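> One structure coming up, written as structure tokens, with questions to follow.
Derivation of every value follows stated rules applied to the coordinates shown; laboratory data play no part. What you see is a predicted model, and the numbers here were worked out from it, not measured in a lab. Please note: Cβ atoms are built from the backbone with ideal geometry, for glycine as well, and neighbour counts cover all protein chains shown.
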Amino acid sequence: MVNLLDAVTQIFGKPAIEQEVEPSQKIENKIVPGEEILNIDENKVIHIFKQVYQHAYNVKKNHIIVWDKVWALFNNQYDFSQKADWQAKAYTTKFNGAIRTLMAILKRSVLGAKKIFSVEGIGYESKLKQANVENLLYYWFYKSNFRHEFTKSLMAGVLSSLTILKAYWNNGIKMEACDPYDITLDPTGRNKFIIHRIKMDLYDVQKLANEGVYNAEKVALIKEGFVRAELEYKEKLRRNEPGATPPPFRKEVEIMEYYGDLFDEDGSLIQENVIITIANDNHLLRIVKNPYPIKPFFIYPLYFVPFSVYHKGFFEDVVTAGLIDEMSRVLNGIIDGHLFSIAKAFELNVDIVVDPEEIQSGIYPGKTIKRTGFSNERLIQEVNVGNISQQNLAVYEMLAREFQNATSITEFIMGMPTSRGRPTATEVMQKTQQTMSALEDNVRDLEQYLIVPLLGFVFDLIIKYQDDFTNAQLQEFLGPKLDYTLTLEQFKEKYLSGQYEFRVNGISQTLLKQQTVEKIALLFQLLQANPIWASKLDLDRLLYKILESLDLDPTELIIEQQGGQEQQVGVASPISTQPTEEVEQ
């Protein structure tokens, strides 16, 4: 049998400072730095995990009920079981339209910039290397498909209450959008643990066991369980027993990964910062020391609630209040009234009909009926069975306005016609500004508390774990000026080491540039009123600032004057986003 300690070391690599071990225990590192195997009683770990998870899930259940309602409405799942066949079964599209609009605003705000983030070095030497760090981060964000994963996590956050990204090292940076249904948090809010549920095929679990990540003996027991279920089913069929349910063709394993501190039942700490992997509730596949200093999850709510763990969903209020359901009911009432208003019912004087059987199949255009009696006696008379209620229309408009007030998603930014006639330009501008102001805070916090920490974490992973810079595509990102013949330690020290700040060039930078443009416009008004002030300003630097504020590259537009005028007026060119020259140590 493969030694679990050696096998996991093979998959996850060795620690930065490797202790001397026997030659038979040394094994080549492949994926992630080494995980320290912990020797803790298996039954005790499983028992503690079940207690912790059950308590945390009981708190989460109330939020899941709300999430289910939102997802059902998003998927147009309405309950029309109590309606008659002739009744309308339509639903309002405002909810889905508002979700698409909100997603478009959030994506454009965060991912709309040409460069979604930037790196700024702290100190002179770090500034010389910041372009290398920025290019390296862009390489890994590209390789890990960040835009797609971030969009998925954002959509899940809009429909539930949490936007969740997971980042880790596995032969490179990996980023994954996490389904909030699969993430269970510490209900106390003290962030002692995070539990991640993963569904895997049995084949993939066996593959990880063969590579040494999971305990091979435990995985064999899982496979035996599937085989046993198959045999039991066949035996029931042979005996013709009732209730014989065939096992699923696809063998799925439920993996629960626990990240955090492990406590005993008496409240004492067993181990800090561990990773526990349990399959199908009963099989401990691994328990190791977390190689990362923090939990590799980045979580942010779009609707922040103080002292809450799961917070609230963006559309939670309108869903739990039944606003969407009521809008659909009123809409169907309007449709039913309209159908009744155009439908025709008739009264028939059967006493003057020669053959009553002629009218048993109804009355339709071209129908001929034989009658008797006087000519002034009416044979057929229309009956008004319904009309369109203006009150229903007013109620629907009122509910639509309540929806807009609750979500800040107005008809103007949704591109829909207004409910009260043609709006003025001022009204459109005011309502649009109100909506954007309400969302700007959400986007700024999303950038600050999710993407910025993610950038820092990814950079730490690169510095700690990346051991190869010879990839051709990577070198295209970094540029040809770096010396790739250096040793790994020399390369990282010369081109990457330092202290850096990470900034997201989304809504925060957009607002900052907008404020700068407004200040410049005010400055020009003052200069127009006081022309003598212009002689006291550095106009080259002012032009440089204006172009930057307009998202234009000054180096591409400003004509370099003979004699290096830029240097004479003191305009410092920005640090290039291309790799810098070698830094002398």
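> Could you size up the charge dipole of region 263-364 around its Cα centre, putting +1 on the beta carbon of Lys and Arg and -1 on that of Asp and Glu, and report it in debye to the nearest 20?
Here region 263-364 has a charge dipole of around 960 debye.
> So for the pair His47, His148, with labels modelled 7 Å out along Cα→Cβ, what separation do we get in nm?
Distance between label points: 4.6 nm.
> Using only Cα atoms, figure out Rg for region 192-350 and give it as a multiple of 2.2 N^0.38 Å.
In units of the globular-protein estimate, region 192-350 measures up at 1.82.
> Kirkwood Rh, region 255-338, all Cα pairs: how many Å?
For region 255-338, the Kirkwood estimate is 17.5 Å.
> Could you calculate the contour length gain from Asp68 to Asn240, that is, 0.36 nm times the residue separation minus the distance between their Cα atoms, to one decimal place in nm?
Going from the current span to full extension adds 58.0 nm.
> When the distances between all Cα atoms of region 153-209 are binned every 10 Å from zero, what whole-number percent does each bin get?
P(r) over region 153-209, rounded to whole percents: 19, 40, 33, 7.
> Next question, about the same structure. Just how large is the dipole of region 199-250 about the Cα centre, in debye to the nearest 20, putting +1 at every Lys and Arg Cβ and -1 at every Asp and Glu Cβ?
Dipole size: approximately 180 debye.
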